[in-house]
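The values are calculated or read from the model by the stated rules, or taken from the named source; none is laboratory data. A quick note: this is a predicted structure, and the numbers were derived from the prediction, not measured. A quick note on method: Cβ atoms are made from the backbone with ideal geometry, for glycine too, and the neighbour counts reach across all protein chains shown.
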Amino acid sequence: MSKTVVLGVTGGIAAYKALDLISKLKKKNIDVHVIMTESATKFVTPLSFQSLSQNPVVVDMFAEPKTWEIQHISLADKADVFAIVPATANVIGKIANGIADDMLTTTVMATKAPVLIAPAMNVNMYENPILQRNISILKQYGYHIIEPIEGRLACGYVGKGKLAEVDVIVDYIDMLLCKNKDYAGKKVLVTAGPTVEDIDPVRFISNHSSGKMGYSIARAARNRGAEVILITGPTDIMPPVGVKVIRVKTAQEMYDEVMKYFPNVDIAIKAAAVADYRVENVSNTKIKKSEDSFEIKLIKNKDILLEMGKIKTNQILVGFAAETNDLIQNAKLKLANKNLDMIIANDITQENSGFNYDTNTVKIIKKDGQLVQLPNMLKQELADIILNYILEIKLKR
């Protein structure tokens, strides 16, 4: 069954960005119903929102109803999440002080769904202590606020007041739409992405990891209520909202951060592709081309997963094995040698699987020998399945 988002659009220049938001929500098979303030219609026409949402757009509270339902109650009840994007200082002030004088504020007052507010306005308006008080009031009542970002504003000013990126808003809505909070109260450590080892100021050694699998796991755990720490090598992926993100570059940096947080978490999932070796002598200057051949001496990095397995107490420890041959044999060896509770093995030579793809084909192997073979699927779907199997291990303890 698809989820429903009721989207309130208010009168600011950022109203056009709500069209992109609708488009991205519809691609996720989310049903979107739009309520516009009268001022919002001066910036973007209701027809534009109707065309993208494929639902009637409500503006006038006193328009003749098309069905027998009381419209503001009907929409309030339909909402799994109620989002106001963009939210002006005016509508924030109204909601914070219980004023319900149009369809948008009346419907917000009637909903029991989580309410997400994304302010966008002039920097001086945003910094006004009255607005900040109103935002503080809404937070106390449990409303969710996505802070605006800094940048050049439509008024010509530069500062904080620009609408948050649409992808960030979509990610926050995804989190609110997830009603399953079976990871609430759990601390989850996830590693993701590649590591980078310098040769000189220009060149480095790395690998093809994109970080997509680790980020998907971090996002899924967050959606399900976990407190998530994501330790990530260099990637170009937007960090998940509500996750503590620690950026590292080298294998040594990742080792240091993992060892700092690992003793205090319940679950650790190591999806990063860490370099096994680093350059022994990194040049401070660019190495110039001279001979036909060139040798670099490499020395071994610490095996982070092995070290985690040595010191683990009650944590559930999960690893990944990306292989090109002898998949099951190599994965089982890693599972045993590194004291893991579960390993996710994938043959990176398979089509649409492994590095850089949005999909993956894996086999899950548990410590007790159980092997689960899964079909090719989106990494975001796989992330939830991995979390399900981790919970099974947790329940058996």
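In table form, for the structure just shown:
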{"read-out": "Unmet requirement for A184, which otherwise passes all of (1) assigned to a loop (DSSP other than H, G, I, E, B); (2) hydrophobic (A, V, I, L, M, F, W, C); (3) farther than 30 Å from S2 by Cβ", "value": "(3)"}
{"read-out": "Subset of segment 237-272 [out of contact with any helix residue (DSSP H, G or I) (no Cβ under 7 Å at 6 or more places or on another chain) and at pLDDT below 95]", "value": "P239"}
{"read-out": "The one condition in (1) under 30 Å from L177 (Cβ atoms); (2) without any contact (Cβ under 8 Å) to a residue 24 or more places away in the chain; (3) of a type in the set (A, V, I, L, M, F, W, C) that V243 fails to fulfil", "value": "(2)"}
{"read-out": "Segments classed as helices (runs of 4 or more DSSP H), wholly inside segment 72-173, with at least 2 members that are closer than 28 Å to R224 by Cβ, out of contact with any helix residue (DSSP H, G or I) (no Cβ under 9 Å at 6 or more places or on another chain) and without any contact (Cβ under 8 Å) to a residue 24 or more places away in the chain", "value": "129-140"}
{"read-out": "Looking only at segment 1-44, and only at residues there that are within 20 Å of the chain's Cα centre (by Cα) and among the β-branched types (V, I, T), the one that is surrounded by the most Cβ atoms within 10 Å (Cβ to Cβ)", "value": "V5"}
{"read-out": "Residue within segment 322-330 that is of a type outside the set (V, I, T) and under 30 Å from V168 (Cβ atoms) present", "value": "yes"}
{"read-out": "Search result, residues across segment 303-333 that are touching a Phe, Trp or Tyr at 6+ places or on another chain (Cβ under 9 Å) and exposed (fewer than 15 other Cβ atoms within 10 Å of the Cβ)", "value": "I311"}
{"read-out": "Complete set of residues in segment 320-361 that are among the acidic types (D, E) and under 18 Å from N207 (Cα atoms)", "value": "E323, D347, D358"}
{"read-out": "Leading residue by the ranking (surrounded by the most Cβ atoms within 10 Å (Cβ to Cβ)) among those in segment 197-244 that are in contact with a Gly (Cβ under 7 Å, 6 or more places away or on another chain) and in a loop (DSSP other than H, G, I, E, B)", "value": "G233"}
{"read-out": "Qualifying residue in segment 163-186 (condition: among the small types (G, A, S) and crowded, with 18+ Cβ neighbours inside 10 Å)", "value": "yes"}
{"read-out": "Strands (runs of 3 or more DSSP E) enclosed by segment 274-373 - at least 3 residues per element that are within 23 Å of V248 (Cα to Cα)", "value": "277-279, 298-300, 316-323"}
